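Trainee: Handing you this structure, nothing more for now.
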Amino acid sequence: MQIPGLIDPVPVPRAITPREDGRVDLLGLSALQIRAELEEKGLDIKQAKLRSKQLFHWLYHRGETDFAAMTDLGKTLRPWLSEKFVVGRPHVVEAQVSSDGTRKWLLRSDDGQDYEMVFIPDADRGTLCVSSQVGCTLNCRFCHTGTMRLVRNLTPGEIVGQVMLARDALGEWPKGTMAADASVEDEDIDAPQYSPDGRMLTNIVMMGMGEPLYNFDNVRDALKVVMDGAGLALSRRRITLSTSGVVPMMERAAQEIGVNLAVSLHAVTKEVRDEIVPINRKYGIEELLQACADYPRANNARRITFEYVMLKDKNDSDEDARELVRLIRHYKLPAKVNLIPFNPWPGANYECSTPERVKRFSEIIFESGISAPVRTPRGRDIMAACGQLKSASEKKSRAELDRLAEEKQAALG
Ligand code: SAH
Ligand code: SF4
């Protein structure tokens, strides 16, 4: 995908990261891709078709990573699979739990790139905040991720891997034998009967590190796997993709992914949005709101969420609130507004609006009949809240730079 202009998208990595041992990691692959891999390694077409479906089920419905435990796959096939394939997971570098129950994981890819995911438990739902890139090419002034130098797109495996890992950590895979499998070569009849557990992970938001629409193909492929009814089976109504406003990709997002849309608006004038969300210089507010009006999936039952970070004396006046209402009305948008109190991070140049200001801002919007709840910050104590994510890779590269400087010095001396 190429987007001409000021902001360069990052290169799309290979779908499957090559491994040193030559085995292929099936994590993140669709049933069709698994089938192609099986054929590539020598299974005949009929076998590959049957086995890919079974594997898909084991991988994404049961969360199984050990081929030996995939009891309906045949005794000779299982060691063959272990020889040629693996079912990987992102490496966990660090797992933290906030005093409010929010959890954050620092993950590492096979090539040593760090990224983060966050789980936010609530009374009636559990939301996983998933990253789409290591870092972000855009640098919204109030966002920690935007200050990272290292950027790489995450592969579908790394994106789906976050959901799989969360299910592992929450212990949410169904146990036992599936009734549907009983007719197929059931070699493990003694196993307890399959029973779906009550789930904690109910929703996914593509609101972690990165701009998902700058990694369109991988995000789409990953979410398709996540939504597949034979696997993780999360409904598209429970998935929300947040964009800072990559206008040319929005229609495709509706057509090819079809999840709920959130738009990081954050300002209502060109002057302020140009400053705090620099992609605005490329795709302005009018163009962005027109794209929202045209977003085919939006209607009153599935409204577009406008995210609005509350920055003291920057975008938080009564006038700003009224202009926001006017814009939403002008474009006849089925919209709700999420007011996000600014989450601070070291070196940030902004302050959060006062609670009274946030309240007044919210009231003005509510009074016009548009819902504008204030989002309670979650996980601030472990730097897991919106816009606080930034992995240690930056520190590592700083250390690397220092080391190189020292070596140079030593060589000169
Ligand atoms: N890149 C995408 C999605 C990730 S950010 C996007 O920008 O939409 C998720 C949300 O957190 C966005 O609305 C983002 O603007 C907001 N955000 C970023 N930094 C923040 C901060 N310091 N405090 C509060 N919200 C922030
Ligand atoms: Fe990137 Fe979103 Fe942060 Fe902007 S707010 S820098 S688009 S992650």
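The values are calculated or read from the model by the stated rules, or taken from the named source; none is laboratory data. Predicted, not measured: the structure shown is a model, and the values here were computed from it. Ideal geometry is used to build each Cβ from the backbone, glycine not excepted, and the neighbour counts take in all protein chains shown. Accessible surface areas use protein heavy atoms only, side chains included; no ligands, DNA or RNA. Shrake-Rupley method; radii C 1.70, N 1.55, O 1.52, S 1.80 Å.
Trainee: Picking from Arg220, Arg237, which residue would you name as being more than 16 Å from ligand 2 (Cβ to nearest atom) and at pLDDT 95 or above? Reasoning before the result, please.
Mentor: Values: Arg237 fails: at pLDDT 95 or above.
Every option except Arg220 fails the conditions.
Trainee: Here is a further query. Tally up the residues in the range 139-150 that are within 11 Å of ligand 2 (Cβ to nearest atom), surrounded by fewer than 22 Cβ atoms within 10 Å (Cβ to Cβ) and aliphatic (A, V, I, L, M), please.
Mentor: Adding up the residues that qualify gives 0.
Trainee: Among the residues of the range 279-295, count how many are under 22 Å from the mean Cα position of the chain (by Cα) and at pLDDT below 95.
Mentor: 1
Trainee: Right, something else. Could you tell me which of the residues Leu77, Leu107, Leu59 is at pLDDT 95 or above and over 17 Å from Leu38 (Cβ atoms)?
Mentor: The unique qualifying residue is Leu107.
Trainee: Considering only the range 106-138, state which residues are more than 13 Å from ligand 2 (Cβ to nearest atom), open to solvent by 20 Å² or more (accessible area, probe 1.4 Å) and in a loop (DSSP other than H, G, I, E, B).
Mentor: Once the filter is applied, which keeps residues that are more than 13 Å from ligand 2 (Cβ to nearest atom), open to solvent by 20 Å² or more (accessible area, probe 1.4 Å) and in a loop (DSSP other than H, G, I, E, B), the range 106-138 yields Asp110, Asp111, Gly112, Gln113, Asp122, Ala123, Asp124, Arg125.
Trainee: Consider Ser99 carefully, then state whether it is in the same structural domain as Ile382 (by TED's automatic domain parsing) and closer than 20 Å to Arg220 by Cα.
Mentor: no
Trainee: Among the listed residues Val219, Val205, Val259, Val263, identify the single one that is within 16 Å of ligand 1 (Cβ to nearest atom), more than 17 Å from Pro156 (Cα to Cα) and either open to solvent by less than 10 Å² (accessible area, probe 1.4 Å) or within 16 Å of the chain's Cα centre (by Cα) (or both). Walk me through it before giving the result.
Mentor: Values: Val219 fails: more than 17 Å from Pro156 (Cα to Cα); Val205 fails: more than 17 Å from Pro156 (Cα to Cα); Val259 fails: more than 17 Å from Pro156 (Cα to Cα).
After ruling out the rest, the residue left standing is Val263.
Trainee: Please enumerate the residues belonging to the range 315-357 that are within 14 Å of ligand 1 (Cβ to nearest atom) and either in contact with a Cys (Cβ under 8 Å, 6 or more places away or on another chain) or outside the structural domain of Leu261 (by TED's automatic domain parsing) (or both).
Mentor: Scanning the range 315-357 gives Ile340, Pro341, Phe342, Asn343, Pro344.
Trainee: Right, here's the next one. Any residue in the range 197-208 that is at pLDDT 95 or above and outside any loop (DSSP other than H, G, I, E, B) sitting within a Cβ distance under 6 Å of a residue that is of a type outside the set (Gly, Ala, Ser) and surrounded by fewer than 20 Cβ atoms within 10 Å (Cβ to Cβ)? List the pairs, counting only those 6 or more apart or interchain.
Mentor: Pairs that qualify, where the first residue is at pLDDT 95 or above and outside any loop (DSSP other than H, G, I, E, B) and the partner is of a type outside the set (Gly, Ala, Ser) and surrounded by fewer than 20 Cβ atoms within 10 Å (Cβ to Cβ), are Asn203/Arg125; Asn203/Arg238; Val205/Thr240.
Trainee: List every residue pair whose Cβ atoms sit under 7 Å apart, with the two residues 6 or more apart in sequence or on different chains, where the first one lies in the range 351-369 and is without any contact (Cβ under 8 Å) to a residue 12 or more places away in the chain and more than 16 Å from ligand 2 (Cβ to nearest atom) and the second, anywhere, is assigned to a loop (DSSP other than H, G, I, E, B) and open to solvent by less than 50 Å² (accessible area, probe 1.4 Å).
Mentor: Phe366/Ala372
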